[in-house]
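All remarks here apply to the structure that follows.
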Amino acid sequence: MDDTGTTPAPAAPPVTDDAIAETFLDAIEDLLDLDEREVLALLAREAALRAYAAGTLPREDAVEALGLRDHADLLVALGDAGLTPPRPPAHVVEEQAATFEALWRAEEPTP
């Protein structure tokens, strides 16, 4: 008992990443009625799509990881998942714009 005359509740065990993952997998299995391998495959697919959309997984690796035919199928899979294709870094876009402008000006006829 403590000073107020009540018995404190026992401390909860610490929550670990493994416990969270196990609870999450159990919930997914219950909701989808899938076995663990199927759930892990869905999570791996989601992770690969998100990594590609974030620009951290190269296109070829994403196509291979997802078992897709080509980049067109990857774009469809991204759209189905509500994700957008990765954008190049700002400095690359700026360099491409500068190159385009230089080429455009080089094509202008002189009076």
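Values in this text are rule-based calculations from the coordinates and carry no lab data. Predicted model, so just to flag it, every value in this text is computed and none were measured. Note that we place each Cβ from the backbone using ideal geometry, even for glycine, and neighbour counts take in every protein chain shown.
Counting other beta carbons within 10 Å of each residue's own, what order do Val92, Val39 fall into, fewest first? Display every interim value, and only then the final one.
Details: Val92 10, Val39 18.
Listed from fewest to most nearby Cβ atoms, that is Val92, Val39.
Listing Leu74, Leu42 from the residue with the fewest other Cβ atoms within 10 Å to the one with the most, what is the order?
So the ranking, lowest neighbour count to highest, is Leu42, Leu74.
Looking at the calculated P(r) for region 17-86, what percent of the C-alpha pair distances fall above 21 Å?
Summing the P(r) tail past 21 Å for region 17-86 gives 34 percent.
I need the phi-derived Karplus couplings for region 44-57: 6.51 cos²θ - 1.76 cosθ + 1.60, θ = phi - 60°, integer Hz, Gly and Pro marked x.
Going residue by residue, I get 5, 4, 4, 5, 5, 5, 5, 5, 5, 4, 7, x, 9, 10 Hz, with x marking Gly and Pro.
Neighbouring Cβ atoms within 10 Å as the yardstick, rank Val93, Val63 fewest first.
Lowest to highest Cβ neighbour count: Val93, Val63.
Put a dot 7 Å past each Cα toward the Cβ at Leu103 and Asp70; how far apart are the dots in nm?
For Asp70 paired with Leu103, the spin-label model returns 2.2 nm.
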